[in-house]
Amino acid sequence: MIIVNENKVTDSEKIREILESSKPNRLIYVRNLKKYFFLRRGLLETLKRKPPKSVKAVDDITFDIKPLETFGLAGESGCGKTTTGKVLIRLYEPTGGMIIYKPREETLDKLTNTGNINIEKYDGYVDILSVPRNHFSYLRRELQMIFQDPYGALNPRMRIKEILEEPLVIHNLVDSAEERLDRVIRALEEVRLIPPEDFLDRFPHMLSGGQRQRVCIARALIMGARFIVADEPVSMIDVSLRAELLNLMMDLKKRHNLTYLFITHDLAVARYLCDRIAIMYLGKIIEMGDADDLIDNPLHPYTKALISAIPEPDPENRKRMRVVPIKGEVPSAVSIPSGCRFHPRCVVLDEHPELQEKCLKKEPPLIEIKPDRYVACWYVMKS
Amino acid sequence: MKRGDIPLKISELKKSIKEFWNEYKNYKSGIVGLVLLIILASVAAGASLITSVEDYNNWYNPTYWRENPVDAPPVWVNFFTSKKLPVHQVEFVSVEDFKYVEGEPTEGLRTYSVNISYEFKYDVEPSDIIIRILGAVAEGKNASITITVIRPDGHRINVYKAVSTFPELVGNYSAKTVSFSRTSKASSAIIKWASQFESEENIREVSGYPPHGDWVIRVLFSKAEVGILVGEAELLRGEYQFSISVTFFDEESMLYGAKLIIAGSVYGWMGTDSLGRDLFVGIVWGCRLALIIGVLTSVISTFVGVFYGVLSAYKGGLVDELMQRIYEIVASMPLFPILLILSWKFGATVWNLALLMALFWWTGPVKTVRSMALQIKEETYVEAAKAMGAGTWRIVTKYIIGQIIPYAFAIMALNVPGAILTEAGISFLLGGRGTREPTWGRILHDAAAAGATLKGLWWWVILPGVMITITGLTFVLIGSALDKILNPMLKR
Amino acid sequence: MVLLRVDGLKTYFFTYRGVVKAVDNVSFTLEKGETLGLAGESGCGKSTTAYSIMKLIPPPGRIVDGKILLDDKLNLVEMSESEIRFKVRWKRISMVFQGAMNALNPVYTIGHQLCEALTFHADMTKEEALERCKKLLTMVGLEPDIVKRYPHELSGGMKQRVFIAMALVLSPDIIICDEPTTALDVVVQAQILNLLKELQQKMGMSIIIISHDLGVIAELSDKIAVMYAGKIAELGPAEKILLEPAHPYTKGLISSIPRLTKKVEITWIPGLPPDLINPPEGCRFHPRCPQAMDICKREEPPTVKLSPDHEVMCWLYG
């Protein structure tokens, strides 16, 4: 078992630096976030003292999330979006990087006033990765997640009432059983599971997929969540019911001042729902920006390929082959290509062999091409 | 606006029990098991009502059981035999009915005497004649006891004449017991008397026999002719008189009464053993002990094992590896020999033994539980619980063990027979060094030690054995049914 | 020329909770070289229909009524299991199953598994079979030396291609694809769908494509049947179904799809899909239908022909 963690405690100076060099008033500043999963080595390799191979699920990403926005994180499976989401709420410990977050004032107060530890903060921001684990529960309540599989996310042996009471019990938020029940009923009403009394006694398998997902949302809300990572929340729900759930999520966002990180592989849903989208490939963000602009005017070759691959319900489509400007298949995340990790699949590279030097050797940085529009591509930067 | 608290707890419990029962009753084997369990549990619980607590407490007090026939098969055996077997009779004559003479046989002595008659009209002789004198002898003094038998053919046999104290304690009194088959003085007297009618040949033949035992009673009740000693003479039916006389040498000693016990050939629901103990008592109390041991061991070991397995799985990594290696070591230890030694050392009550067994038995469910826990650990709802801030403890107990508990119940039921059998084995081997309570294993030990199989005392061996089997079967049936219903791996 | 005619198909599952009417009076035709899309959401009966055609319905399910006619002659419902196995399955109709990628046996090579079908059905020697397999693999866009590889060495997309090759091994007239791209990435999905288009052009077979994704359906289908609660709500040419849907369910379905190319408001259909053991009285869709009328709650609507090739099961048109 190898623990490689570059995290040192981020002191308030460092936080100040970051805040001053970034755009103001964001909810979250993610800086150089890394999550590597180290593979077990065989005996021989251990003896030879070779460094362990790792799956670089998230490989140094940097982005901001604005308060009250729906930020979309899109890409194909294996690109690292789900891992990013989980690291963001500290479900996984990252291998490196910082997540600077501005919690509610009361939360920050509680954080700093309990215990004899000194939480480094600046201007109301903390690096959630350097908050000691046993003090993390205050932040826990604000940073929540909704999972892809609504059935799997609910304990099949607990009734809905119990499931929703869990967070209240764990964090000791309420004093009496009566108050707890009251909160649970209100939460059910918020997610439109009406009448709530009907649902209290049921087990998860007695609910439909959409209803289960709503229970998951209620569970996040009941704790007083502020930032919710939604990991493909509708992909396992029938198409004709998705909009209902998405609509509910947007409604709740307005009412409770939530911020979402919306993870999806479906760009159409991302466009519909999100204010901004970031596209990930093999652990890196390769394009980011306003949702409409990104989809209407994609810059990165990968984004273009993704968009062209998506079939729309247009009867003319069957009459022609779909042209998808991309080669080959996604490589394993254990052996990431050198230079720009997309280069083995890039058709633009074929057309512009003069870029070979750069694309094969150096990794393109994520650059702000236009205000709030980012790309990581040598070709785009050149033009 | 206040919302009423919805009373969920009891109705919830009732509902889930109802649902569970609906499924359970589909399993015939489970129902059979349940019925058996109810029977066994009632027997175990009502042990003090079915038999007496006194019987239980005196299990190891041989004098308590002297009035019972020894090595007697159960009463119901009579249904299967054509011969009429003598019924066990106890006749008590109180001191008021004795003839009391002072100054008999000499000055300063007091003598009580009585004649008790017995009608022998059976095809088989009784297994023993026991005369018990009850009373109290003064400190340092003793009494003279004379017993004479007057047969229907007129012969008088001076069976017993001796001076002794009343050494046995029976209730509030002391007693002196003379058993015609077991008290050597008495049996030798009968044999000597019979020899005068016997042929030289036959006398030589029986000279190798031990001078006591059942055969002596046969002699007593046989016709006074050749073959009397070897059991070839016919039985003499008629009225037998037992003349008992007790002489005290002091003023204080007193007589309470005398009992004439015609020990039948059969006794009780389950017969008697070599000490005359009513095996029914032993088996009924053994039932309680077996259930206690079985259930206690099983419950403790299953809980420990489940907890161990889950913790190991949840912690993972080095802790898991370590815990598994420890488990492997304990699991490979030879349970039985170690238990034998430990029982020997720590002496045992049923409770000790149960704890010792639990010490080794916990390894049973560990592997299965661990793999179940590993699977559950990966489920999204566990991840969701972590995201909510649930700590390790809560996740292990509520989420993981909560899922495994139903399966654990099935395991518990299935472990009970093993525990009972192990205890039986240990008691069987250790005998007196093992548990002191009359567990079925202990009874079997006593049977083996007394050579029950050689003597053909089948009831002593088969009945406890059958009980062990039935109890084991009960739990296996219940456990299998539970397993089929509750095992999540077999479900859906 | 009608290749396959399904007439009044009813497939019910007899469970201890009741009779699940998974497919309840379904009729459609399939011409030679045509692609039919079976669209619908979970539980509508599209997969069961496909399995019924292949006669692979497991107990407690059974085909209760109806005809499945091949060449307008052979009634598959009446044929015995051995007849179907030798004359129809894989020779005339084959299937790419949902989640097929996980159905490859991990201990045998790709070549072995592909050739199995050939040596079982056709009388080929091992060498002949291997040759044919290699040709098939090239046809589906894979390197022929994949015959020596094991399933775990292949990616999801490659495995799916192997399965398509497997389905084509005896050059069937009809291939049924049940959600062939659901577990695949969007780029690989496009490639697989392109492959199917190509193969259809080259080999002229008919395809039945089953999917809940109308975009995937649109990529291939000439004709679309929209299924709901075991019945066909609407059946017609792709142009009509996708651009001028008649049935309220189809309309609701189409307007619930978010578009990539333009930002539109998407709607949803309120309520939940019905219980197939106790479906609603009358039209099964009425509890969720924005245009439900009185008669919809009482009587099952008839199938109305809006044009020779477009039919709807709805009282709005009857």
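Below is a table of values for the structure above.
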read-out	value
Any chance C:LEU3 is closer than 26 Å to C:PRO301 by Cβ, touching a residue at least 12 places away in the same chain (Cβ under 8 Å) and touching a strand residue (DSSP E or B) at 6+ places or on another chain (Cβ under 6 Å)	no
Unmet criterion (only one of (1) without any contact (Cβ under 8 Å) to a residue 60 or more places away in the chain; (2) under 22 Å from B:VAL306 (Cβ atoms); (3) over 37 Å from the mean Cα position of the chain (by Cα)) for B:MET372	(1)
Failed condition for C:GLU265, given (1) more than 30 Å from A:SER308 (Cα to Cα); (2) surrounded by fewer than 17 Cβ atoms within 10 Å (Cβ to Cβ)	(1)
Check on C:ASP173, away from every other protein chain (no Cβ under 13 Å), surrounded by fewer than 22 Cβ atoms within 10 Å (Cβ to Cβ), out of contact with any strand residue (DSSP E or B) (no Cβ under 8 Å at 6 or more places or on another chain) and of a type outside the set (Gly, Ala, Ser)	no
Top-ranked residue of segment C:17-48 - restricted to ones that are within 14 Å of chain A (Cβ to nearest Cβ) and polar (S, T, N, Q), ranked as surrounded by the most Cβ atoms within 10 Å (Cβ to Cβ)	C:THR35
Condition met for C:GLN189 (under 17 Å from the mean Cα position of the chain (by Cα) and surrounded by fewer than 22 Cβ atoms within 10 Å (Cβ to Cβ))	no
Filter result for C:ARG259 (under 30 Å from A:CYS274 (Cα atoms) and outside any strand (DSSP E or B))	yes
A:ARG345 farther than 23 Å from C:THR261 by Cα, touching a Lys or Arg at 6+ places or on another chain (Cβ under 7 Å), at the interface with chain C (Cβ under 10 Å from one of its Cβ atoms) and buried (at least 20 other Cβ atoms within 10 Å of the Cβ)	yes
Top-ranked residue of segment C:294-305 - restricted to ones that are out of contact with any Asp or Glu (no Cβ under 9 Å at 6 or more places or on another chain) and surrounded by 15 or more Cβ atoms within 10 Å (Cβ to Cβ), ranked as nearest to C:MET227 (Cα to Cα)	C:PRO301
Breaking point among (1) of a type in the set (Phe, Trp, Tyr); (2) buried (at least 16 other Cβ atoms within 10 Å of the Cβ); (3) assigned to a strand (DSSP E or B), for C:TYR51	(3)
Answer residue from segment A:236-279, given it is within 13 Å of chain C (Cβ to nearest Cβ) and in a strand (DSSP E or B) and is modelled with the lowest pLDDT among those	A:THR264
Residue within segment B:354-367 that is buried (at least 22 other Cβ atoms within 10 Å of the Cβ), in contact (Cβ under 8 Å) with a residue 60 or more places away in the chain and within 14 Å of chain A (Cβ to nearest Cβ) present	no
A:LEU139 vs. criteria more than 10 Å from every other protein chain (Cβ to nearest Cβ), within 27 Å of the chain's Cα centre (by Cα) and not in a loop (DSSP other than H, G, I, E, B)	no
Test: residue in segment B:87-109 that is in contact with a helix residue (DSSP H, G or I) (Cβ under 6 Å, 6 or more places away or on another chain) and at pLDDT below 80	no
Search result, residues across segment A:336-350 that are on the phi > 0 side of the Ramachandran plot and modelled with pLDDT under 90	none
Some residue of segment C:214-226 being away from chain A (no Cβ under 11 Å) and modelled with pLDDT under 95	no
Number of positions in segment B:52-108 that are part of a helix (DSSP H, G or I) and β-branched (Val, Ile, Thr)	5
Check on A:GLN148, of a type outside the set (Gly, Ala, Ser), within 14 Å of chain B (Cβ to nearest Cβ), within 25 Å of A:GLN213 (Cα to Cα) and part of a strand (DSSP E or B)	no
Breaking point among (1) assigned to a strand (DSSP E or B); (2) within 27 Å of C:ILE224 (Cβ to Cβ), for C:ARG62	(2)
Criterion: in the same structural domain as C:GLY66 (by TED's automatic domain parsing), part of a loop (DSSP other than H, G, I, E, B) and at pLDDT below 90 - qualifying residue of C:GLU265, C:GLU300	C:GLU265
Which numbered condition A:ALA187 misses (of (1) in contact with a Pro (Cβ under 7 Å, 6 or more places away or on another chain); (2) at pLDDT 90 or above; (3) more than 8 Å from chain B (Cβ to nearest Cβ))	(1)
Hits in segment A:162-205 - residues which are in contact (Cβ under 8 Å) with a residue 40 or more places away in the chain and in a helix (DSSP H, G or I)	A:ILE163, A:LEU164, A:GLU166, A:PRO167, A:LEU168, A:GLU190, A:LEU200, A:PRO204, A:HIS205
Residues (at the interface with chain A (Cβ under 10 Å from one of its Cβ atoms) and surrounded by fewer than 18 Cβ atoms within 10 Å (Cβ to Cβ)) located in segment C:195-212	C:GLU198, C:GLN201
Residue within segment A:316-335 that is in contact with a strand residue (DSSP E or B) (Cβ under 6 Å, 6 or more places away or on another chain) and modelled with pLDDT under 95 present	yes
Residue check for A:LEU129: crowded, with 17+ Cβ neighbours inside 10 Å, out of contact with any helix residue (DSSP H, G or I) (no Cβ under 8 Å at 6 or more places or on another chain) and either more than 24 Å from A:ARG214 (Cα to Cα) or among the acidic types (Asp, Glu) (or both)	yes
Filter result for C:ILE232 (at the interface with chain A (Cβ under 10 Å from one of its Cβ atoms), in contact (Cβ under 8 Å) with a residue 24 or more places away in the chain, within 27 Å of C:LYS10 (Cβ to Cβ) and not in a loop (DSSP other than H, G, I, E, B))	no
Per-region count, segment B:53-83, residues closer than 19 Å to B:TYR122 by Cβ and exposed (fewer than 12 other Cβ atoms within 10 Å of the Cβ)	4
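So that you can scan it fast, the table gives a plain yes or no per residue for (1) at pLDDT 85 or above; (2) touching a helix residue (DSSP H, G or I) at 6+ places or on another chain (Cβ under 6 Å); (3) assigned by TED's automatic domain parsing to the domain that holds B:GLY135:
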| residue | (1), (2), (3) |
| --- | --- |
| B:ALA189 | yes, no, yes |
| B:ASN202 | no, no, yes |
| B:HIS212 | no, yes, yes |
| B:GLU232 | no, no, yes |
| B:LEU236 | yes, no, yes |
| B:SER245 | yes, no, yes |
| B:GLY257 | yes, yes, yes |
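The values are calculated or read from the model by the stated rules, or taken from the named source; none is laboratory data. No experiment lies behind these values; they were computed from the predicted model shown. Don't worry about glycine lacking a Cβ; one is built from the backbone with ideal geometry, like all the others, and counts go over all protein chains shown.
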